[in-house]
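The values are calculated or read from the model by the stated rules, or taken from the named source; none is laboratory data. Bear in mind the structure is a predicted one, so any value in this text is a computation, not a measurement. Here the Cβ is made from the backbone with ideal geometry for all residues, glycine too, and neighbour counts use every protein chain on show. With ligands, DNA and RNA removed, areas are computed over all heavy atoms of the protein, side chains included. Shrake-Rupley method; radii C 1.70, N 1.55, O 1.52, S 1.80 Å.
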Amino acid sequence: MPLLLTLTAAAYIALPLMDRLTLRWFARDLNMRGSLVANALTESIDDALQQGRDSRIQALLNRAVQDERLVAIGLCSEEGQLMQHTTGFPKTLECKEAQQIAEARDPLLHVSGGAIQVGLYPVDSQGRHIGNLILLHDLSFIDRRSQDTRQYLIILIGVIGLAMALITMIVAQVSWHGWVKGVRGILRGEGLLRPMAYEAPPELAPLAADLRSRLRDLEDQYRRALGSEEEWNPDRLRSLLQSQLRGDQVIVVSNREPYIHKNTPNGVVVEQPASGLVTAVEPVMRACSGTWIAHGSGDADRSVVDSHDRVSVPPGHAEYLLRRIWITPEEEKGYYYGFANEGLWPLCHVAHVRPVFRESDWKRYREINQRFADAVVAEARGEDPIVLVQDYHFALLPAMVRAQLPRATIITFWHIPWPNPESFSICPWRQELLQGMLGSNILGFHTRFHCKNFIETVDRNLEARIEHEHSTISYQADETLIESYPISIAWPSAEETRSWLTVAECRERVFSRLGLTPKMKLAIGVDRFDYTKGILERLHAVEHLLDRHPDLVGSFCFVQIAAPTRSSLDEYRVFQDRIHQVTQRINDRFGREGYQPVHLLAKHHDHHALNELYRAADVCVVTSLHDGMNLVCKEFVAARDDEQGVLVLSRFAGAARELGEALIVNPYHVEETADALYRGINMPPAEQRERMANLRMTVREFNVFRWAGRMLAHAARLRLRRRVEARVQLHQAD
Ligand code: G6P
């Protein structure tokens, strides 16, 4: 429409100009014709004048005036007298006036019938001027033509306008269809969640890309914003569950159960296993309630469950449900000892132990993953529970749950490191493992470095779309967010710390139990009895320390807690035997009556006993050869409310990225570790306080509720986005 108006306005401005122009062209044309007529008449008029034949002149003029455009002709004498004229010659027009008009810029005479052009042409004979011919040309035809042109132009503009309106309607129809389809696609999340499946129409592409990137930026900002503001604690986690997750059901899946019921001569006892996973997830579960599905591994486990294999825990508090899954020794051999601990564990840890892959173990691993996945489906009260999958025992489970509960929010956390693509490529079932994990909505690792390794591994092994900027992987119909969530511990509550014995009391009890004299320096190591923990390297460092500083012999003691683990595997048995031998050797070398430099306590210690030991020690040594995070160092820091004690920490533990005030060592470098030990036992109290205070601030702030809170908050965003999309789709369908 605006275009049409513009065209019409332009036409109205242009028409008078065109009229003037055509008038000039015609005037020039008529002038030429006038000259021709005058030339043709000159000789005859001269003859007739000489012969005095006025009638002959009149006849000549009358014949000439028959030309279609000529209105009249007059013949003026040299003196300016009108001698002859044809009938149409205006009575009032005299020769002089005609001459003046003819010499003007626009030689026009306006009469009632329209404009007349006045032309004056000299009549010469043999070089002698004998008079002038006045030719009057009718110009009314120009007006007629101009009107015709105007009409044609208006009709033309009308036709163009109609054609354009029609074309615009067709284009708008097509575009609108495309836009609506595109916007719907975006709202459905096709452009965001499944960029491969959705191709935005070309005209929508810039908008779609912009919208998508803005949404992502907002989500990224939101993720970062869940940073270091308000402290995370059980209440905040609970309120997040109630508000952002609307109290949706939380299901945890792990191999190791948080409470193991065991038969003893004194009846059934409950034990909490030595597992970083359990240490971290248990307080979260107590805050969230819900159901924890795990392998029932205790010999008294069956005796305490209900008919659905469930038992309320913690014992005596009933804060959440533990659903036990039964596994035969044969199945455990293939799934747990075989594929998980002889295959994946050494594959993911750079501890120079060869992974072993057996087809039969793989088969068991798949079966048990399916069994746990079925249990998740059975425990789900609705179609979209929040499923928190824990660790390398369940790489296949996310996709298995996704197949049965497509709307579930699956968060998988990998508690151990993720290797580089070359190392991972030796696994015969690498693609299946990656496909299984990518059934998750969120896949968490402790560090950005492990996220990067995982993304590169997927890039090498699967046809997936990776968006580095947003750290997402789209594989087939699913999108997975790959994010780092450094795991931690629950910071002890005031109520709990009040129940602790003082540091002096703890020290006294531990020292007397171990037969140490009060002035002795005590270093401790607390680990599962695992080859990844660097226990051998630590012992070598202790030996080197005593070698180098003989004055410490008799005044320094190292206690290693080694919780029994996986000892039916050859690799572990050999390693554990070796540790016993080396301990023996060191004790033989430096021990004496009443002095044992190394105490190897290869048995289970409960949380209370460990806390007492942490509070009693001068130095805590964590020398993992490779560790996802390591929570022992964080427990040590949390136990030291006296702000004393030194942490020696391996740079190959994820915790080293957060705990910079520790003495960071390369555990393979025996001398360096020995030096750090020496520095630790001799560190002035003021320096200890400064370091420990900073470490405590970090662990307190970056606690396990923050770990879970960030993951659940990200899950809440995903669920909210999905709900909004579902509502928009419903609305569109109406
Ligand atoms: C590591 C793993 C956990 C495991 C723990 C104890 O921390 O990441 O998944 O529970 O070791 O090992 P275990 O084989 O005894 O469960």
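Brief remarks on what is shown
- Computed extension length for THR328-THR92: 71.7 nm, one decimal, from 0.36 nm per residue of separation with the Cα-Cα distance subtracted.
- Using every pair of separate Cα atoms, the Kirkwood estimate puts the hydrodynamic radius of the stretch 581-646 at 14.0 angstrom.
- In this structure, the amide hydrogen of VAL111, modeled 1.01 Å from its nitrogen in the peptide plane, lies closer than 5 angstrom to those of ILE116, counting only residues at least 5 positions away or on a different chain.
- Placed amide H near VAL559: partners under 5 Å, 5+ positions off or other chain: ALA523, ILE524, GLY525, HIS599
- Each Lys or Arg adds one and each Asp or Glu subtracts one; over the other residues with Cβ under 10 Å from the Cβ of THR279, this totals -1.
- Placing unit charges on the Cβ atoms of the charged side chains and taking the dipole of the chain about its Cα centre, the candidate lying farthest along the positive direction among ILE160, LEU433, SER243 is SER243.
- Probe 1.4 Å, accessible area per residue of the chain, Å²: 47
- Cleavage-rule hits, trypsin sites (Lys or Arg not before Pro), the stretch 501-559, DSSP coil, Cβ neighbours within 10 Å at most 10: LYS519
- Applying the criteria of a DSSP loop state and at most 11 other Cβ atoms within 10 Å to the trypsin sites (Lys or Arg not before Pro) of the stretch 321-391 yields ARG381.
- Computing FRET efficiency as 1/(1 + (r/R0)^6) for SER44 and LEU162, where r is the C-beta to C-beta distance and R0 is 51 Å, gives about 0.30.
- Surface composition of the chain: carbon and sulfur atoms hold 53% of the protein heavy-atom accessible area at a 1.4 Å probe.
- The C-alpha radius of gyration of the stretch 628-676, expressed as a fraction of 2.2 N^0.38 Å, stands at 1.13.
- When each of LYS262/LYS521; LYS333/LYS533; LYS262/LYS452; LYS333/LYS452; LYS519/LYS603 is checked by Cα-Cα distance, pairs over 30 Å: LYS262/LYS521; LYS262/LYS452; LYS333/LYS452
- The chain: relative contact order as a whole-number percent, Cα under 8 Å and 6+ apart: 10
- Taking Cβ separations below 4.7 Å as the criterion for a possible disulfide partner, the isolated cysteines in the chain are CYS288, CYS348, CYS427, CYS451, CYS506, CYS557, CYS620, CYS633.
- With a simple spin-label model that places each label point 7 Å from the Cα along the Cα-to-Cβ direction, the separation between TYR152 and ARG460 comes to 7.8 nm.
- Peptide packing for 346-355, 43-52 was compared via the average number of neighbouring C-beta atoms within 10 Å per residue; ordered from the highest value, the list is 346-355, 43-52.
- For the stretch 680-691, 3J(HN,Hα) computed residue by residue from phi via the Karplus equation (6.51, -1.76, 1.60; θ = phi - 60°) reads x, 6, 10, 5, x, x, 5, 5, 4, 4, 4, 5 Hz, glycine and proline entered as x.
- Qualifying trypsin sites (Lys or Arg not before Pro) for the stretch 233-322 [loop in DSSP, other Cβ within 10 Å: at most 16]: ARG246
- The aspartates and glutamates whose alpha-carbon is closer than 16 Å to the alpha-carbon of LYS96, local same-chain residues fewer than 8 away aside, are GLU78, GLU79.
- For GLN126, neighbours were defined as the other residues whose beta-carbon sits under 15 Å from its Cβ, and their charges (Lys and Arg +1, Asp and Glu -1) total -4.
- ³J(HN,Hα) computed for each position of the stretch 290-299 - Karplus, 6.51 cos²θ - 1.76 cosθ + 1.60, integer Hz, glycine/proline x: x, 10, 10, 9, 8, 5, x, 9, x, 6
- Span from the the stretch 104-122 Cα centroid across to the the stretch 469-483 one, whole angstrom: 87
- Euclidean distance between Cα centres, the stretch 657-734 to the stretch 45-76, Å: 117
- Electrostatic dipole magnitude of the chain [Cβ: Lys, Arg +1; Asp, Glu -1; Cα centre; debye, to 20]: 860
- Bridges between two residues of the chain, per DSSP, are antiparallel at a rate of about 45%.
- Whole-Hz ³J(HN,Hα) from phi, Karplus 6.51 cos²θ - 1.76 cosθ + 1.60, for the stretch 600-609, glycine and proline x: 9, 9, 8, 8, 5, 10, 7, 4, 4, 5
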